[in-house]
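J.: Sending over a structure as structure tokens; questions will come in a sec.
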Amino acid sequence: MREQSNPNSTATLEQEGRSQTTVDLRSDTVTKPTPEMRRAMAEAEVGDDVYGEDPTVNRLEQRAAEMFGREAGLFVPSGSMGNLAAMRVHIRPGQEIICEERGHVYNFEMAAMAAIAGGLARPVRGNDGVLSWALVKEAVRPKSPFRAQTGLIACENTHNIAGGRVLPPDLADEICDEAHALGLRVHLDGARIFNAAVALGRPVDEITRKFDSVMFCVSKGLGAPVGSLLLGSREFISQARNERKVLGGGMRQAGVIAAAGLVALEKSPARLHIDHENARLLAEGLAGLPGIRLDPAKVETNIVVFDISGTGMTSAEISEKLRAQHVYANGVSPAAMRMVTHCDVDRAGCLRAIELMDRIVRRVSPAG
Ligand code: TLP
């Protein structure tokens, strides 16, 4: 469990010049390391990881690989770098990458897929972000001298912009089986795979077993300050290690941050259900407000995305009004907003966000 003294402690907030009552729902990336993480960081045994000599990084890579039933793991500074290194290993420049239309690799990674991996996105619209083989197969290019060829299929679980939707394991397995039958590889952006595992009540190795490579983040809901892991076969990871260096991600005494990742991996999954309960609470409260469209039954994990077009305000306007009262939330488009629960917001914070949203959409002044 996360220690009580850490989250948004008055001292920390004062040091940062933030209000004691800030409720930050912008992302689960905003979480601060727990005292246990900070202790582990201070005491971490380190070495030069580019030489493979950092014992703490090695332990994190081995532990992650073991949890996911994989031969090897690679610690990378960010989820974006993990996805990019994987894409550079899997495809040749000029090949297509089939991904979900609102997927992170396509929309939020600065077109690195094209600019640095040489891939052309072939986006497919999923059902609430959920891909199936029936949808993916339509986008697979037949062998042709006139067409760029499919190089990779990239899935996302949970799906961020679709509101933290879980990719059902049978659909994931089918995509992988059918892709493999055609000689295609499948990569999983599992930035929040532990949230999916908790929602499904199944271990991460079971729900990711057929993917050729998996990326997950310790720096999101798991609460570590920095880092992600890329997992796969020994051969894949050895190639990805070279790609990490090409991308400038060869870190030296990275055990200092890997130590927090180890704590996150061992301790944090056990508390993610709290974030899911808070997200559901938030969704149920928001769904009843005038001008907001949202189906709380679809909120399976820690992300709530909702349509605000009926409020007559844009997401930027609502964000600004929220921020003035120390509640932070961002738009995903002018007509939609996202709120993400995590270990540094509690039930009371979510209730406060609902109450404030109620006043904003009803145009009642925050002071009442
Ligand atoms: N997502 C961030 C933003 O970039 C949108 C967030 O606040 O949610 N895959 C998925 C599914 C992600 O949501 C993210 C980050 C990443 C990859 C990239 O991770 P980082 O930020 O570590 O590069």
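J.: Take the range 175-194 and flag every residue that is aliphatic (A, V, I, L, M), assigned to a helix (DSSP H, G or I) and surrounded by 22 or more Cβ atoms within 10 Å (Cβ to Cβ).
T.: The answer is I175, A179, I193.
J.: Out of V105, V214, V136, report the one residue that is in the same structural domain as M67 (by TED's automatic domain parsing), within 16 Å of the ligand (Cβ to nearest atom) and in a helix (DSSP H, G or I).
T.: V105
J.: Follow-up question, since we're still on this one. In the list A172, A197, which residue meets the criterion of being part of a helix (DSSP H, G or I) and touching a Pro at 6+ places or on another chain (Cβ under 7 Å)?
T.: Only one candidate passes the filter, namely A197.
Residues are listed down the side, and each one gets a yes or a no for (1) at pLDDT 95 or above; (2) closer than 22 Å to H159 by Cα; (3) open to solvent by 20 Å² or more (accessible area, probe 1.4 Å); (4) not charged (D, E, K, R):
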residue	(1), (2), (3), (4)
E284	yes, yes, yes, no
L294	yes, yes, yes, yes
I303	yes, yes, no, yes
I318	yes, no, no, yes
A348	yes, no, yes, yes
R352	yes, no, yes, no
A367	no, no, yes, yes
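J.: So which of V46, V50, V89 ends up being under 22 Å from A264 (Cα atoms) and β-branched (V, I, T)?
T.: Working: V50 fails: under 22 Å from A264 (Cα atoms); V89 fails: under 22 Å from A264 (Cα atoms).
It is V46.
J.: So how many residues does the range 305-316 have that are of a type in the set (S, T, N, Q) and surrounded by 19 or more Cβ atoms within 10 Å (Cβ to Cβ)?
T.: So the answer is 2.
J.: Looking at (1) within 17 Å of the chain's Cα centre (by Cα); (2) outside any loop (DSSP other than H, G, I, E, B); (3) not β-branched (V, I, T), which is the only condition G223 fails?
T.: G223 satisfies every listed condition except (2).
J.: If you take the residues in the range 55-67 that are farther than 28 Å from I116 by Cα and in contact with a helix residue (DSSP H, G or I) (Cβ under 8 Å, 6 or more places away or on another chain), which one is farthest from the ligand (Cβ to nearest atom)?
T.: P55
J.: Quick test for you: out of A240, A260, A270, pick the one residue that is among the aliphatic types (A, V, I, L, M), within 19 Å of the chain's Cα centre (by Cα) and within 16 Å of the ligand (Cβ to nearest atom).
T.: From the options A240, A260, A270, the qualifying one is A260.
J.: If the Cβ limit is 9 Å and pairs must be 6+ apart or interchain, which residue in the range 122-148 that is surrounded by 11 or more Cβ atoms within 10 Å (Cβ to Cβ) pairs with which residue that is of a type in the set (S, T, Y)?
T.: R122/T150; P123/Y106; G126/S132; G129/T158; A139/T150; V140/T150; R141/T150
J.: What is the residue count in the range 114-129 for residues that are under 17 Å from the mean Cα position of the chain (by Cα) and within 14 Å of the ligand (Cβ to nearest atom)?
T.: Number satisfying all stated conditions: 1.
J.: Scan the range 321-342 residue by residue and report those that are surrounded by fewer than 22 Cβ atoms within 10 Å (Cβ to Cβ) and either more than 13 Å from the ligand (Cβ to nearest atom) or of a type in the set (S, T, N, Q) (or both).
T.: Those that are surrounded by fewer than 22 Cβ atoms within 10 Å (Cβ to Cβ) and either more than 13 Å from the ligand (Cβ to nearest atom) or of a type in the set (S, T, N, Q) (or both): K321, R323, A324, Q325, H326, N330, S333, P334, A335, A336.
The values are calculated or read from the model by the stated rules, or taken from the named source; none is laboratory data. What you see is a predicted model; the values in this text were computed from it and never measured. Neighbour counts run over all protein chains shown; Cβ positions are idealised from the backbone, glycine included. In case anyone asks, the SASA skips ligands and DNA or RNA and just uses the protein heavy atoms, side chains included. Shrake-Rupley method; radii C 1.70, N 1.55, O 1.52, S 1.80 Å.
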